[in-house]
Structure formats: C-alpha cells, structure tokens
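Some notes on the structure that comes next.
The values are calculated or read from the model by the stated rules, or taken from the named source; none is laboratory data. Fair warning: this is a prediction, and the values are worked out from it, not measured in the lab. As a convention, Cβ positions derive from the backbone with ideal geometry for all residues, glycine included, and neighbour counts pool all protein chains shown.
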Amino acid sequence: MAAALIMAAVGLATAGVTAAAEPVAEPIPLTPLTGLTALEATVTIGVDGTVNDKPTQGDLTAQLTSTAEGASRIDVTGSLLGDVVAQVGGSAVKLFRPKMVSVYAVPEGTYVVLDALIDVCIKPEDSQATEVLEQLSPQALMDVLTGSDVARGTMVGEETLNDLPVRHYLIDGDEFLAAAQASSDPNVSLFAQSLDSAADADLYVSAEGGYPVAYRGGFSGAFEPLQFDGDLTVQIDLTGVNGDAEVTLPGSCDRAIPA
C-alpha cells in the first residue's frame with residue numbers, strides 16, 4: 001500500500017513537472033520588413049488544387065528588390081504564371097505568353113514588363129492592375145504572416161541559417177488561423193477568412209536585427225490573388241538587407257504601351 005502511494009505521488013509530481021515544462025506560445029519580437037530601407041527577398045508558392053475551378057498543380061516564384069530611394073521591382077516566374085498573367089496590366093497582356101512578368105514601381109510610375117519573344121513594357125492606366133502581383137511579393141506576404149496580431153510562437157532554439165545567426169520559432173497553425181481571422185489588420189483578416197486550416201510554420205528571425213529572414217508554412221483553402229482553392233505552401237527567404245541594389249526601367253519602357 002505504501003509503495004503504491006509513493007508511486008502515485010511520484011507520478012503526480014512527474015506530471016506536474018511535464019505540464020510546467022510545456023512551452024507556451026508568446027509574442028515574437030519582430031522588426032517588420034517595412035522598417036528596412038532596402039531589401040532583396042524571394043517567395044515560392046506551391047499549389048495543389050484548382051485555379052479558376054480547373055485542377056492545377058504548380059508553383060510561382062516572386063523575387064523582390066527594393067531600394068532606399070523607394071523604387072521596387074518584382075519578378076514573377078513559374079508554371080502558374082499563365083494563370084495570373086491575364087489579371088495584370090489589362091487586356092493587352094493576354095496577347096503574350098511571357099516567361100517572366102516584372103512589375104516596376106519607380107518615380108515615373110508603375111510599369112509591367114513582359115519577358116517574351118520580344119520584350120514588351122506596359123503602363124497600366126488602372127492603378128489596381130498590378131495589385132495581384134504586388135500581393136504575391138515576399139514583403140507583402142511576410143507582413144501578413146508575421147503581423148503584430150499573429151506573430152505568436154514557441155522558441156525552438158538559436159541556429160545558423162545561410163551563415164546568419166537566427167532564432168528559430170514554431171508557430172502553431174491553429175493559433176495563427178484563429179488570431180489572423182480576428183486580426184484588426186484588414187490584409188491579415190482578408191487572407192485568413194477564406195482559409196480552412198493552417199499547418200504549423202517555422203519562422204527564422206535575425207538574431208541581430210530582429211527582422212524575419214525565413215518562413216516555411218502551409219495552408220488549405222482559398223487564396224484570392226491566384227483565384228486558387230486547395231493546398232498551398234509558402235516559403236519566404238530574405239536574401240539581402242540594406243544593400244546597394246538598383247532598380248532601373250529597361251529600354252523597352254521608353255515605348256511603353258498604355259493599357
């Protein structure tokens with residue numbers, strides 16, 4: 001009897017230690033990418049589902065370069081480019097089958113450049129024409145996925161990623177989705193409202209600057225910028241911070257086509 005009581009006491013004590021040791025999701029201290037004067041980043045989106053109600057598997061890669069002067073360039077490539085290209089730049093874009101679409105935001109305005117058999121530069125008259133590609137930019141997606149309302153996670157440890165000291169956090173998918181759907185940020189809540197579920201995500205934060213340098217996550221549901229519904233994976237990598245990259249309009253934009 002005494003042995004049984006001792007064993008029960010040990011079991012309760014062990015359970016108490018285990019419960020106390022469980023990590024708790026806490027706000028992740030972050031410096032938003034909007035606070036950086038210049039950056040280079042890449043996002044890769046993989047999909048398995050339907051685009052415009054048609055079965056689709058594929059990917060898109062968007063590379064962003066932004067400068068301290070406020071100019072930016074987004075280059076979009078991938079097997080899904082044909083599914084979104086007609087949404088950019090008006091009806092003129094539908095005439096081309098480009099290998100890459102670039103959106104330039106410069107002091108002269110916004111331009112869409114198509115890397116096709118002959119490079120074509122289009123100057124959209126509708127300010128919303130490039131919104132789809134802008135929503136796919138690494139900075140825009142990182143801001144949504146790590147906004148102040150949803151940046152909650154548990155510390156995995158200190159690591160090195162691409163020769164950079166980082167803090168590795170795990171973001172619980174269910175907690176993220178609930179927080180995102182209730183977020184006061186309209187961009188975050190709009191992204192989350194059409195999702196059915198979110199997988200756990202890995203977030204890597206620069207140990208020095210405190211800004212997010214990498215994100216690995218997945219979702220299920222609808223993603224409006226691609227007119228997509230199904231399983232979606234997102235990988236974001238920051239490749240350069242406060243560098244001296246330049247954004248210059250190509251020569252084809254000297255003869256830009258209005259659209």
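Structural remarks
- Candidate set: region 154-175, residues that are under 20 Å from Leu195 (Cα atoms) and in contact (Cβ under 8 Å) with a residue 40 or more places away in the chain; chosen: the one surrounded by the most Cβ atoms within 10 Å (Cβ to Cβ): Ile171
- Answer residue from region 114-149, given it is β-branched (Val, Ile, Thr) and in contact with a strand residue (DSSP E or B) (Cβ under 8 Å, 6 or more places away or on another chain) and is modelled with the highest pLDDT among those: Thr146
- Residues in region 195-210 that are hydroxyl-bearing (Ser, Thr, Tyr), more than 15 Å from the chain's Cα centre (by Cα) and surrounded by 14 or more Cβ atoms within 10 Å (Cβ to Cβ): Ser206 only.
- Residue count for region 209-229 under the criterion of being at pLDDT 95 or above, hydroxyl-bearing (Ser, Thr, Tyr) and touching a Gly at 6+ places or on another chain (Cβ under 8 Å): the result is 1.
- Condition met for Asp185 (acidic (Asp, Glu) and in contact with a Gly (Cβ under 8 Å, 6 or more places away or on another chain)): yes
- When residues of region 60-88 are limited to those that are at pLDDT below 90 and under 15 Å from Leu249 (Cβ atoms), the one farthest from the chain's Cα centre (by Cα): Glu69
- Of all residues in region 230-252 being more than 14 Å from the chain's Cα centre (by Cα) and modelled with pLDDT of 95 or more, the one that is farthest from Asn52 (Cα to Cα): Asp231
- Members of region 33-75 that are surrounded by 20 or more Cβ atoms within 10 Å (Cβ to Cβ) and either on the phi > 0 side of the Ramachandran plot or free of Cβ contacts under 8 Å to residues at least 12 places away in the same chain (or both): none
- Hits in region 222-259 (condition: within 18 Å of Ser137 (Cβ to Cβ), in a strand (DSSP E or B) and hydrophobic (A, V, I, L, M, F, W, C)): Phe223, Phe228, Leu232, Val234, Ile236, Leu238, Val241
- Counting the residues of region 184-199 that are modelled with pLDDT under 95 and either part of a loop (DSSP other than H, G, I, E, B) or farther than 14 Å from Phe219 by Cβ (or both) gives 6.
- Criterion violated by Leu145 - all others in (1) of a type in the set (A, V, I, L, M); (2) surrounded by fewer than 19 Cβ atoms within 10 Å (Cβ to Cβ); (3) within 30 Å of Ala71 (Cβ to Cβ) satisfied: (2)
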